[in-house]
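Below is one structure, written out as structure tokens, with a few remarks after it.
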Amino acid sequence: MDVRYVEYAPGELPAVLKAQVLSFLRIVWPEGFTGELRYRDWITNPSYEPHHLLYVAGDLVVSHLEIVHVDLPHQGTTYKLAAPTSVLTFPSFRGEGWAGRLVESACRRIEASNADLGLICCDPHNQPFYAKTSGWPTAPEATVVADGFPTGQAVLMRLLTPKAQHHQADFRHSPIHLKDEL
């Protein structure tokens, strides 16, 4: 079966693909599906305008990534932030480069958008993968805070506009506060 690349605008991901991505996320990131989120039926908060990039074989998800868009207030300035998230490849397709190609596509799309800032937050052991596939510089001084606590995640950042570039030091020296999924 041929694997093909597809994209879906916010709210347009077909139910059969959405169900597979949600099932995978429930297994890999169970903490996102606890408490009041136990019956969560969305991949990412719809207000983040998730744009889905996938490789599929028929109706089977091979690999998935979405780009989210949020307004990020930071040190008195609000930035348009775009970030790839929910990156996954089903185990039987790993090691074939599917997720890497999705990250490359997402980063090119973000760089061509009207975003001020591109941001990748990942587990530290995944930083080499994202650095290689995105081409974005690591930001070892940057700290991401969610729900009031540092996440411990590695950060890669692309300052895309003069506005963001002018405030580069702010991102190095002040925690980046991200909203949770609620």
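The values are calculated or read from the model by the stated rules, or taken from the named source; none is laboratory data. Note that the structure is predicted; figures quoted are calculated from it, not measured. Note that each Cβ is placed from the backbone with ideal geometry, even for glycine, and that neighbours are counted across all protein chains shown.
Some notes on this structure:
- Taking residues in segment 109-122 that are touching a residue at least 24 places away in the same chain (Cβ under 8 Å), and partners anywhere that are among the hydroxyl-bearing types (S, T, Y) and not in a helix (DSSP H, G or I), the pairs with Cβ atoms closer than 7 Å and at least 6 places apart or on different chains are D116/Y79; D116/T161; L117/Y79; C121/T151.
- If you check A106, A99, A57 for being of a type outside the set (D, E, K, R), within 10 Å of the chain's Cα centre (by Cα) and modelled with pLDDT of 95 or more, only one passes: A106.
- The listed residue being touching a residue at least 40 places away in the same chain (Cβ under 8 Å) and hydroxyl-bearing (S, T, Y), out of T161, T151, T138, T143: T161
- Residues that are buried (at least 18 other Cβ atoms within 10 Å of the Cβ), among the aliphatic types (A, V, I, L, M) and within 19 Å of L102 (Cβ to Cβ), drawn from segment 126-156: A154, L156
- Condition check for L81: buried (at least 18 other Cβ atoms within 10 Å of the Cβ), farther than 23 Å from I176 by Cβ and touching a Leu at 6+ places or on another chain (Cβ under 8 Å): no
- Total residues in segment 91-125, condition in contact with a strand residue (DSSP E or B) (Cβ under 7 Å, 6 or more places away or on another chain) and buried (at least 17 other Cβ atoms within 10 Å of the Cβ): 18
- Among residues that are in contact (Cβ under 8 Å) with a residue 12 or more places away in the chain, within 23 Å of T44 (Cα to Cα) and touching a Lys or Arg at 6+ places or on another chain (Cβ under 8 Å), G100 is included.
- Of the residues making up segment 14-44, those that are over 16 Å from T89 (Cα atoms) and under 16 Å from the mean Cα position of the chain (by Cα) are G32, W42, T44.
- Those residues of segment 25-46 which are in contact (Cβ under 8 Å) with a residue 12 or more places away in the chain and either small (G, A, S) or buried (at least 18 other Cβ atoms within 10 Å of the Cβ) (or both), in sequence order: L25, G32, I43, T44
- Residues of segment 75-97 satisfying the condition of being in contact (Cβ under 8 Å) with a residue 12 or more places away in the chain and not hydroxyl-bearing (S, T, Y): Q75, K80, L81, A82, A83, P84, V87, L88, F90, F93
- Condition met for A164 (within 21 Å of I176 (Cα to Cα), of a type in the set (G, A, S) and modelled with pLDDT of 95 or more): yes
- Cβ separations smaller than 6 Å between residues 6+ apart or across chains give the following pairs from segment 1-19 residues that are in a strand (DSSP E or B) to residues that are surrounded by 13 or more Cβ atoms within 10 Å (Cβ to Cβ): Y5/Y55; V6/L54; V6/V56; E7/L53; Y8/H52.
- Residue check: H52 meets all listed conditions (1) within 22 Å of V6 (Cβ to Cβ); (2) loosely packed, with under 15 Cβ neighbours inside 10 Å; (3) modelled with pLDDT of 95 or more but one, namely (2).
- Matching entry among V87, V70 (being assigned to a strand (DSSP E or B), within 13 Å of the chain's Cα centre (by Cα) and either under 23 Å from A19 (Cβ atoms) or of a type in the set (D, E) (or both)): V87
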